Structures are given as structure tokens and as C-alpha cells.
Amino acid sequence: MRRRTFGIAVAALAASVAIGPSLGWAQEEKKATIGVSIPAADHGWTAGVVYHAERVAKLLMEEHPGLNVIVKTSPDPASQANAVQDLAVQGIDALVILPTDPDPLVNAIQQVKDSGTFVALVDRAPSNNDNSVRDLYVAGNNPALGEVAGKYIAETTPDAEVVVIRGLPIPIDQQRQDGFDKGIEGSNVKVLERQYGNWNRDDAFRVMQDYLTKYPKIDVVWAQDDDMVVGILEAIEQSGRTDIQYVVGGAGSKDMVKRVMDGDKMVPVDVLYPPAMIATAMQLTADGLLDQVPVNGEYILDATLVTKDNAEQFYFPDSPF
């Protein structure tokens with residue numbers, strides 16, 4: 001069986017796999033097409049997704065001469081629905097899709113699935129995330145991302161007054177929020193307010209400015225995304241406030257991991273949610289498509305707490321994120 005890891009760093013991959021029939025292509029089939037639909041690089045994490053998708057598309061086609069991988073980026077759900085339809089018209093054997101917003105894209109994904117095409121869904125799951133809409137699901141552990149952050153805050157600063165900057169109002173945001181609430185459960189941690197920062201550093205900057213105006217004392221900030229942490233830290237620095245003890249983000253961006261490595265007191269930890277998961281989904285799909293490997297099921301990556309002791313193994317200076 002042909003296989004290559006492509007240097008994808010997957011920390012403690014937890015796989016729940018339904019061992020079933022293969023994707024159905026004959027052993028002698030030499031040509032196949034995988035369509036990859038992902039968000040445009042509108043912030044750091046999605047820039048990482050685009051980088052890994054394009055990198056691994058090239059590597060897969062080098063390894064499998066009969067394989068064609070088409071990568072399309074889209075800025076919003078409507079554009080992505082059109083992109084998925086375009087891929088279907090071109091004739092794809094499998095679709096790997098990381099939705100901009102999953103629920104508005106369910107119909108487009110369902111049409112591809114109903115046509116008999118293998119569908120790998122990545123990261124952002126619709127409300128009905130089951131085998132009626134996809135064959136394979138690859139994601140970070142969204143509830144754990146929130147829970148790991150919440151537990152760290154509860155254990156490190158058990159009486160902290162915390163402000164929360166959420167992502168977008170989509171299902172995985174709620175999963176992370178629910179996990180965070182579970183992580184601080186039973187502690188004296190008090191959440192002062194929660195606002196959406198849209199996983200955007202400028203929006204997070206504005207939300208943090210609002211918090212700094214409203215609350216004379218803030219101990220800790222929790223944000224779901226490292227890109228937002230950039231804006232949060234800038235707002236804190238501009239305010240001159242010294243009461244904020246630290247900020248906890250998530251994703252494992254190289255800049256935040258470097259801060260953890262360097263012992264930055266404002267960023268003592270980070271929580272992993274790697275954009276390279278798109279590459280994992282693409283590789284698994286290719287394995288099923290070309291090597292008859294049964295890959296139906298769910299592959300969930302751990303939300304590892306990055307500390308000064310382990311940060312070096314998660315630092316990739318050449319990555320765009």
C-alpha cells in the first residue's frame with residue numbers, strides 16, 4: 001500500500017472508525033479526482049488551511065500520477081456552495097470540504113453525497129453531523145479545546161474574573177463554549193461577559209477595548225483563536241492596564257507557541273487545533289480512493305495543552321500560521 005505522512009504533525013490522534021466497505025473503486029483504476037473546498041485565507045488559521053491543502057495536493061499528485069486534486073477557496077457560504085457545484089460538474093470521485101459555515105452548506109454537500117461521491121467533512125460540522133451527510137469526519141476536539149483552557153484557568157487562577165471572546169455563532173463555537181464552561185465548573189472563576197470576535201484580530205481588538213472600558217478589573221482573557229489573541233494583546237498594551245494576568249488562546253500558531261517557548265507571562269500556554277487537519281483528511285481520502293483502505297468514520301485530534309515544557313515540538317517556523 002502506498003502511503004506518505006507528508007510531515008503532518010498529528011498529536012495523539014484518537015480515531016473512531018467504522019470499518020466498512022471500501023470506497024468502491026476497482027483495484028485497476030488508475031485515474032481519480034479529489035475536489036477540495038476550503039475557506040479563503042481570511043485570517044491566520046485559514047491561511048494555514050490553504051497552505052496545507054495546496055502543499056499536500058501537490059505531494060499527493062506526485063505520489064499518485066493518475067490522481068488529480070483540485071483545490072478551491074471561497075470567502076463565504078454562497079460562494080462555497082457554487083464552488084462545490086462546480087467541482088461536482090467537473091466530475092470528482094471524492095470531496096474534501098471544510099465549510100465556511102456548515103449549516104448553510106448542508107444542501108450542497110448532501111447533493112454530492114447523494115450522487116454516490118465520497119465526502120470527507122473537516123472541522124466545521126453541521127447540526128446533523130452523521131453518515132447521511134458525510135463518509136469521513138476529521139476535526140480537532142472542539143469541546144476539549146474549551147475544556148482544556150477552562151481547566152487551566154480554574155487550576156491556575158481559581159478566583160479569576162474572566163472575559164471571553166468567542167468565535168462565530170456556528171456549532172463548533174458553541175461546542176468550545178460548552179467545553180469551557182465544563183472546565184471551570186465547580187471553581188470560583190467568574191465570567192464577566194462573552195462577546196463574538198469572529199475569529200478576527202481586528203474584531204477581537206475592538207471587543208477587548210470594550211471590555212477594558214467596562215471592567216476596571218480583569219484577571220484573565222479566554223479567546224478561542226490565536227489570531228484573536230494578537231488583537232487582544234494589542235488592546236491590552238495600548239490601554240496600559242496591568243491587572244490582566246494572562247490570555248489563553250487556541251490553535252497552536254507559530255507566534256503563540258514561540259511566546260510560550262520564550263516564557264511570555266501574558267501567553268503562558270496555548271491549546272492545539274492544527275490547520276494541518278485538512279491534510280490529514282486529504283491523505284485519508286486518497287488512501288481510501290486509491291488503496292482500498294476503509295476510512296469511513298471519525299478522526300478526532302487531541303486538544304493538547306502547549307506549555308513551556310513541550311512547546312518546542314509544536315513550533316514550525318516555516319508555517320504561515
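The values are calculated or read from the model by the stated rules, or taken from the named source; none is laboratory data. Predicted model, so just to flag it, every value in this text is computed and none were measured. Note that each Cβ is placed from the backbone with ideal geometry, even for glycine, and that neighbours are counted across all protein chains shown. To get the accessible areas, we keep the full protein, side chains included, count just its heavy atoms, and leave off ligands, DNA and RNA. Shrake-Rupley method; radii C 1.70, N 1.55, O 1.52, S 1.80 Å.
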Dipole check, the chain, charges on Cβ (K,R +1; D,E -1), about Cα centroid: among Tyr215, Ser37, Val56 the Cα furthest to the positive pole belongs to Val56
Enumerate the aspartates and glutamates that Lys308 could reach by cross-link, defined here as Cα to Cα under 13 Å, with residues fewer than 8 away along the same chain left out. Asp262, Asp264, Asp270
With everything on Cα atoms, drop me the angle between helix 44-63 and the longest principal axis of the chain, reported from 0 to 90° to the nearest 10. 30 degrees
Peptides 82-90, 94-102: what's the order by average Cβ count within 10 Å, highest mean first? 94-102, 82-90
Select from Pro169, Pro274, Pro126 the residue whose mean-square fluctuation is largest in a Gaussian network model of the chain (Cα-Cα springs shorter than 10 Å). Pro169
Whichever lysines have a C-alpha closer than 29 Å to that of Lys214, once near sequence neighbours (fewer than 8 apart) are set aside: Lys151, Lys182, Lys190, Lys265
With +1 on the Cβ of every Lys and Arg and -1 on the Cβ of every Asp and Glu, the dipole magnitude of the chain about its Cα centre, in debye rounded to the nearest 20, is 300 debye
Using only Cα atoms and rounding to the nearest 10 degrees, what angle (0 to 90) does helix 226-239 make with the longest principal axis of the chain? 20 degrees
On the protein heavy atoms, probe 1.4 angstrom, tell me the percent of accessible surface of the chain carried by carbon and sulfur. 48 percent
Using the heavy atoms of the protein chains and a 1.4 angstrom probe, tell me the accessible area per residue for segment 219-261 in square angstrom. 30 Å²
What is the angle, in °, between the Cα long axis of helix 142-156 and the longest principal axis of the Cα atoms in the chain? Nearest 10 is fine, range 0 to 90. 20 degrees
